[in-house]
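Engineer: I'd like to ask some things about the structure below.
The values are calculated or read from the model by the stated rules, or taken from the named source; none is laboratory data. All of these numbers come straight from a predicted model, not from anything done at the bench. So basically every Cβ, Gly included, is an ideal-geometry build from the backbone, and we count neighbours across all protein chains shown. Calculation scope for accessible area: heavy atoms of the full protein, side chains included, ligands and nucleic acids excluded. Shrake-Rupley method; radii C 1.70, N 1.55, O 1.52, S 1.80 Å.
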Amino acid sequence: MIEHDLRALRRALAAKEISSVELTELYLQRIARHNPQLNAYISVDPESSLAQARAADQRLASGEGGPLTGIPIAHKDIFCSRGWLTTCGSKMLGNFVSPYDAAVIARFAAAGAVLLGKTNMDEFAMGSSNETSFYGPVKNPWDASCVPGGSSGGSAAAVVARLAPAATGTDTGGSIRQPAALCNLTGMKPTYGVVSRYGMIAFASSLDQAGPLARSAADCALLLNTMAGFDERDSTSLDRPPEDYSRELDRGAADRPLAGLKIGLPEQFFGEGCAPEVMQLVDTAIGEYRRLGAETVAVSLPNMDLSVAAYYVIAPAEASSNLARFDGVRYGYRAAQYEDLNDLYGKSRAQGFGAEVKRRILIGTYVLSHGYYDAYYLQAQRIRRLIANDFAEAFRQCDVIVGPTSPSTAFKLGEKAADPVQMYLSDIYTIAVNLAGLPAISLPCGFAGGLPAGLQLIGDYFTEARLLDVAHRYQQASSWHLQCPAGFA
Amino acid sequence: MSLTPEQVRRVAHLARIEISDAEAASTVGHLNDIFTLIEKMQAVDTRGVEPMAHAQDVGQRLRADRVSEAGEVAQRDAFQAIAPETAAGLYLVPKVIE
Amino acid sequence: MKAWEVVIGIETHAQLSTRAKIFSGSSTAFGAAPNVQANAVDIALPGVLPVLNKGAVECAIRFGLAVGAEIAPRSVFARKNYFYPDLPKGYQISQYELPVVLGGKLAIAVGDGEKVVNLTRAHLEEDAGKSLHEGLGHHFHGRTGIDLNRAGTPLLEIVSEPDMRSAAEAVAYARVLHALVRWIGICDGNMQEGSFRCDANVSVRRVGEAKLGTRREIKNLNSFRFMQQAIEYEVQWQIATLEDGGTIEQATVLFDPGSGETRAMRSKEDAHDYRYFPDPDLLPLLIDRQWVERVGLAMPELPAAKRQRLLADYALSAYDAAFLTSSLELAAYFEATVAAAGRSNAKTCANWLMVDLTARLNKDDLEIGQSPVAAAQLGGLIARIGDGTISTNIARKVFDALWTGDGSSADEIISRHGWQQISDSSALESLIDDVLAANAAMVAEFRAGKERAFNALVGQAMKATRGKANPQQVSELLRKKLA
């Protein structure tokens, strides 16, 4: 059962081969057994999950189930979930039981999914290794001495270790795609504005976007069908007609299913900076795409190497303001001892936030402060425009841009923790996508030294269905995505 | 450019994050490494480039002027159940002097 | 030494009369229990997002049209970052570089003339909550209580150029602005409840000096009287300080009505660095010409235009016209009264509104909109004065009856009481003959040259008619009989 994809689970539930309660219990047992070792979950609440499973079983019995009815889904602990502890990986929210549901949580509930638990993450989604979580690092199921990636590392570890059939994540600079690559999963960041940000604790509002983390593109499509949709409570949510993101997937198999597809290969993705063993796997996957009928063309993203610099101005600037609400007055952590109001603020925030979060708040505060705004913030926004223009130009020549997701396979726990800049550079291939607001997907493309590597596909705005199809065709012709880490089968 | 511990303390005060002199001194190194990375931007001539604040180039959607929530004591109490300090329906903080 | 010149600019925060808050669906109604009208967005729970209220934007457009300003086709909301417990997000959503309303002018009366005050801009923003420092009871000792019901109430911040040269001009500007925002229905103008608050930037310089002096900002002036007092005190303090060889430090000050003095605020003293940047949660606000035109069509006639029309159409004095256009309600009441009374009685209508009705409303502490006597009723009454049916004295009795609800129209009351004037001269003549017969002594005195006796006879005759005779007619008949 744990190897079933979401469609197979749906069939099994509909055919009464298993009930939602049984399926939920199965996963809860696996979590009880493996989570102490992986630390993928921050909160599990069997009573609450099983109550939802029972309700789902009733819906299934009456034949009114939706596409996800009765299927347990894990959610990154960045989504506010009514009645659940919602920590965002921080001590600051260590006592925050959310009084309301995020849009994503509500949409899964409406689809009948069971909330299986809240997954570990880098504190306020700031990190690429899951080591900044106040609740301890997550271990990579492929090698417990390695990181799972971040910030959605808990979701990635949970899904690949079969502690959840699928999970949600959020991606501000690669936080879905990079852990997907490091854990052998398929993870998608949709076009900015496709999934509502309401109730998703903000890191960098103009970059944050929620998306699915699953074991296949087909599963991602089903999850995205539930997650995507207009929400009047989010001013940046786009009011577009609903789409079926799995509509391309059921096209019959063909000899050359991707004939006519133009894959753009940006020189900036294939230069120095990427581990050779990862590059070799990426090259092999591109060869497979040619075999499937795609044609490759050389493109260029000349300003891409500025993306990390621009990102580390824009994201901290927005974060410094977004995180000002955590002041120890209305909810969250308040220092035990303080002398006056400013002391209450200063101590609550100094004690409630971890080192990386504080670092980014300081950077963000600095780049917005008097005398520096133009040189940093405005310059970063102009470079953001140049990067978006580069992509627009590239998409005049190709349908999909392909390259590595991460410059390396999973690195060792602690390896980069002391060097923020090295950590930031692990997102070198993913960040530009967030700056432009484009959709992108990472999918497994093989193993190097026993650790998985990811292939990144980037599409033009609103081409999620196409990207999922392109990923799906590769997965029909390969089995990397089906590999399960030893000890979790 | 490079930051001084004094600048770090000023920024930390603006951000209301208490920081000791020792922390300020030890943070300076990391921050300056990051700023070295950021400084790469300064070499680029961006004259005439429109700053990009949002991923989508669209206008703002507006909400009708309609009260959508009743404003109930029960909801207030639910919100305040997770607050550090309240009384009589108010959030409490140390006395603010104007 | 040259004389001092005073330079004043005013920033006004007008709470907009929308039903819901500017970025959330909470009610803006005043007076709810603490924090009950503060929803998830208003208390800034993690993850919540703002969505702009169209009604607030429409208020800004109305204001822009009313002052002849430019309505920006594209404006931007920015975050103003600072920590304060009544500011739940740690930033205020406001407009900074690109406000929704640019420029504009407002004419104020100065002495016998008029002065035009230029406006810099007007922008939309959200109000903060309230900090309660007192009245919390003993177990809140050393605590400040935070009520976020007001947090998120829409504000239009209206910024004038530093065009005012005295406290009196500043107050005149504030009064005209206050009347205007109420006139166009965007603000209830209730200063006690804080719906209309002014900050005054005050500086002084020697006459002829081009450079502005260092200004101090007097915050939160919530009455015109306090504004006058505060500015007058501040001006004499600044002049005295400079003449004593001191310097003025830029500062934010509060006015203490008890002492009549201004003093610098102790908190918020650290250098302001608000780190404005475009709010990433809110896309640019786009206002197309069609929308502005639609709002324009729904606008009432503006006070200045109405004033001109009253002068031209009804031959009123400038004073009357200004009084009657001090509020939209009063102007509407006046026009409805004239419609019922007839245009030829316009001046009488103006007098009745400005004297009798206003006095009675003030006595009962009522607004014009709450008047128990409707405009049509008052107009009906004035029509009867105009056609000679009743005297002004009788009219006051009719008005009292209308006020207390003792009758639905002037005509009904007049006929019920039989208060029509006696204008049939044969009836009056026989009545006067009776009066002369009964007061032979007075007649003798009159004939002996005592003019006072004549007045006494008129009084007797009026008494005999129970006030229903036309005094002028009585007097004429008496003269004829005694001649």
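Engineer: Could you work out what % of the accessible surface of chain C is carbon and sulfur, using a 1.4 angstrom probe and leaving DNA, RNA and ligands out of the count?
Structural biologist: 51 percent
Engineer: Follow-up. With every protein chain left in place and a probe of 1.4 Å, what is the accessible surface of B:S20, to the nearest 10 Å²?
Structural biologist: In the full protein context, B:S20 sits at about 50 Å².
Engineer: If I model a spin label as a point 7 Å beyond the Cα along the Cα-Cβ vector, how far apart are those points for C:K463 and B:V44 in nm?
Structural biologist: Those two pseudo-labels are separated by 10.2 nm.
Engineer: While we're looking at this one, here's another question. Name the residues of segment A:338-362 whose accessible area falls by at least 20 Å² when all protein chains are present instead of the chain alone, probe 1.4 Å?
Structural biologist: At a threshold of 20 Å² (probe 1.4 Å), the residues of segment A:338-362 that become less exposed are A:Y338, A:L341, A:N342, A:Y345, A:G346, A:K347, A:R349, A:A350, A:K358, A:R359, A:L362.
Engineer: Further, regarding this structure: DSSP loop (so not H, G, I, E, B), at most 12 other Cβ within 10 Å: list which GluC sites (Glu not before Pro) in segment A:239-275 pass both filters.
Structural biologist: For GluC sites (Glu not before Pro) across segment A:239-275 that sit outside H, G, I, E and B with at most 12 neighbouring Cβ atoms in 10 Å, the list reads A:E272.
Engineer: In addition: Kindly report the accessible area of segment A:332-489 per residue (heavy atoms of protein chains, probe 1.4 Å, no ligands, DNA or RNA), in Å².
Structural biologist: The answer is 30 Å² per residue.
Engineer: Rounded to the nearest 20 Debye, what is the dipole magnitude of segment A:6-257 about its Cα centre when Lys and Arg each give +1 and Asp and Glu each give -1 at the C-beta?
Structural biologist: 360 debye
Engineer: Using 0.36 nm per residue, how much length does the chain from C:S317 to C:A374 gain when fully extended, once their Cα-Cα distance is taken away?
Structural biologist: In short, 18.1 nm is gained.
Engineer: Here is a further query. So what is the relative contact order of chain C, in percent, for Cα pairs below 8 Å that sit 6 or more residues apart?
Structural biologist: Taking the mean separation of contacting Cα pairs over the length of chain C, I get 14 percent.
Engineer: Rolling a 1.4 Å sphere over the protein heavy atoms, what is the accessible area per residue of chain C, to the nearest Å²?
Structural biologist: With all protein chains present, chain C gives 44 Å² per residue.
Engineer: Here's something else I'd like to know. Which of the aspartates and glutamates could a cross-linker bridge to A:K262, judged by Cα under 20 Å and excluding same-chain residues fewer than eight apart?
Structural biologist: Once the sequence-local aspartates and glutamates are set aside, what remains near A:K262 is A:E248, A:D283, A:E288, A:E295, A:D390, A:E393, A:D399, A:D460, A:E464, A:D469.
Engineer: State, to one decimal in nm, how far the label point of C:E451 lies from the label point of C:A339, with both points 7 Å from Cα in the Cβ direction.
Structural biologist: Going from the C:E451 label point to the C:A339 one covers 4.8 nm.
Engineer: Tell me which aspartates and glutamates have Cα within less than 15 Å of A:K416's Cα, excluding those fewer than 8 residues away on the same chain?
Structural biologist: List returned: A:D122, A:E131, A:E356, A:D427, B:D33.
Engineer: Name the residues of segment C:21-37 whose accessible area falls by at least 40 Å² when all protein chains are present instead of the chain alone, probe 1.4 Å?
Structural biologist: Output list: C:G25, C:P34, C:N35, C:V36.
Engineer: Find out how many positive minus negative residues lie around A:A167, taking Lys and Arg as positive, Asp and Glu as negative, among other residues whose Cβ is under 12 Å from that of A:A167.
Structural biologist: +2
Engineer: Using a 1.4 angstrom probe, figure out how much accessible area chain B has per residue, in square angstrom, rounded to the nearest whole.
Structural biologist: 50 Å²
Engineer: Next question. Summed for both chains, how many Å² of accessible area, to the nearest 100, are buried between C and A with a 1.4 Å probe?
Structural biologist: For C against A, buried area totals roughly 2800 Å².
Engineer: Where does the charge balance sit around A:S62 when Lys and Arg score +1, Asp and Glu -1, over other residues with C-beta under 15 Å from its C-beta?
Structural biologist: Result for the neighbourhood of A:S62: +1.
Engineer: Per DSSP H run of at least 4 residues, take -39500 (n - 2.57); add these up for the protein assembly as shown, divide by its residues and hand me the 222 nm value, nearest 500 deg cm²/dmol.
Structural biologist: -11500 deg cm²/dmol, from helical runs alone.
Engineer: If you don't mind, there's one more thing I want to ask. For chain B, with all protein chains present and a 1.4 Å probe, just round the carbon and sulfur fraction of the accessible area to a whole percent.
Structural biologist: Carbon with sulfur: 52 percent of the solvent-accessible area.
Engineer: Then there's this: What is the sum of charges, Lys and Arg at +1 and Asp and Glu at -1, for the other residues whose Cβ falls under 13 Å from the Cβ of C:L402?
Structural biologist: Here the charged neighbours net out to 0.
Engineer: Another one. Within segment C:1-102, report the GluC sites (Glu not before Pro) that DSSP leaves as loop and that have at most 13 other Cβ atoms within 10 Å.
Structural biologist: Taking segment C:1-102 and a limit of 13 other Cβ atoms within 10 Å, the loop GluC sites (Glu not before Pro) found are C:E97.
Engineer: Can I ask one more? Checking the cross-link filter: which aspartates and glutamates have an alpha carbon closer than 15 Å to that of C:K347, excluding same-chain neighbours under 8 positions apart?
Structural biologist: C:D313, C:D320, C:E335, C:D356, C:D387
Engineer: Towards the positive end of the charge dipole of the protein assembly as shown, with charges on Cβ (+1 Lys, Arg; -1 Asp, Glu), say which of A:P316, C:G467, C:G113 has the farthest Cα.
Structural biologist: C:G467
Engineer: Right, here's the next one. When the accessible area of chain A is split by element with a 1.4 Å probe, what percent falls to carbon and sulfur?
Structural biologist: Its accessible area is 50 percent carbon and sulfur atoms.
Engineer: Probe radius 1.4 Å, ligands and nucleic acids left out: can you give me the accessible area buried at the B-A interface, summed over both chains, in Å² to the nearest hundred?
Structural biologist: 5100 Å²
Engineer: Chains C and B: what accessible area do they bury, summed, in square angstrom to the nearest 100, with a 1.4 Å probe?
Structural biologist: 4100 Å²
Engineer: Give me, ordered by chain and number, the residues 5 or more places off A:L116 or on other chains with an amide H under 5 Å from its own placed amide H.
Structural biologist: Hits under the 5 Å cutoff: A:I73, A:A74, A:H75.
Engineer: Please work out the C-alpha center-to-center distance from segment A:318-334 to segment B:1-54 and express it in whole Å.
Structural biologist: 21 Å
Engineer: Could you tell me the relative contact order of segment A:6-257? Use alpha-carbon pairs under 8 Å, at least six residues apart, and round to a whole percent.
Structural biologist: 17 percent
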